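What follows is a single structure, written as structure tokens, with notes after it.
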Amino acid sequence: MARAGLDADAVVAAAAGVADERGLDGLTLALLARGLGVKTPSLYAHIDGLADLRVRLAIRGARELAASLHRAAGGRARGEALHAVADAYRAYAHAHPGTYAALQVPSADPGHGAAAQEVIVAIAAVLRGYGIEGDEAIHAIRVIRSALHGFVALEQIGGFALALRLDDSYERLVEMLDAGLTARASPAPSGPPSTNSPAATASG
């Protein structure tokens, strides 16, 4: 008997569970349908095949990750915000490995691009605390994503063999990112504005 109330969101949520348990490559329509209590062809009323399902899963993952990063950064600035975001990023990747893998796969789907942009926006908000914007922010975002994803990806495949705490290594990674961003940060204004500053001009 077909499961009542089945829709696209429910299918994608179930797919996330399968992917997180078995890995992204372990996600098949046959396995998903069996778990939902329907025949495989019934899934096509909600998705356009496995490729479409993976894109939908990536969109779900990007939105979840972005929301987690925004929550982590809330009320924090600079190094404190960066550490919180980095911890949230790593935690999401480990809690949802299949979904995380899906969101790393490039796609021309506009919905995927918009969802991925939400992650970028969350990181860019942290960079504004350092006074880093424009092209420099783009470079910094690439550096941060490369560093965090690289560490997580190696960690997930058991790529760190030495008997040292990975938490300590990750902490050092984020400290190094913070130091680099601080070195490039725009200096914070101090003291009263000069008579030639825009604020002084506007006020009188």
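Just so you know, all these numbers are worked out from the coordinates, no wet-lab data involved. Remember, it's a predicted structure, so these values are computed and weren't measured experimentally. Don't worry about glycine lacking a Cβ; one is built from the backbone with ideal geometry, like all the others, and counts go over all protein chains shown.
Here are some values of Cα extents along the principal axes in Å: [x] 58, 41, 26; [y] 76, 51, 27; [z] 43, 35, 28. Which one was computed from this structure?
Comparing each candidate, only [y] matches the computed number.
What is the spin-label model distance, in nm, from Ala179 to Leu164 if the labels are put 7 Å beyond Cα along the C-beta direction?
Using points 7 Å along Cα→Cβ, the separation is 1.3 nm.
Using amide H atoms built in the peptide plane, which far-off residues or other-chain residues are under 5 Å from Ile132 H to H?
The answer is Ser186.
Starting from 0.36 nm per residue, how many nanometres of slack lie between Leu50 and Ala95 once their C-alpha separation is accounted for?
13.9 nm
Hey, what do the phi angles of the stretch 66-71 turn into as Karplus ³J(HN,Hα) couplings, whole Hz, using 6.51/-1.76/1.60 and θ = phi - 60°, x for Gly and Pro?
Once θ is set to phi - 60°, the couplings for the stretch 66-71 become 4, 4, 5, 5, 4, 4 Hz.
Need the C-alpha centroid separation for the stretch 62-138 versus the stretch 1-49, integer Å.
So the separation of the two Cα centres works out to 27 Å.
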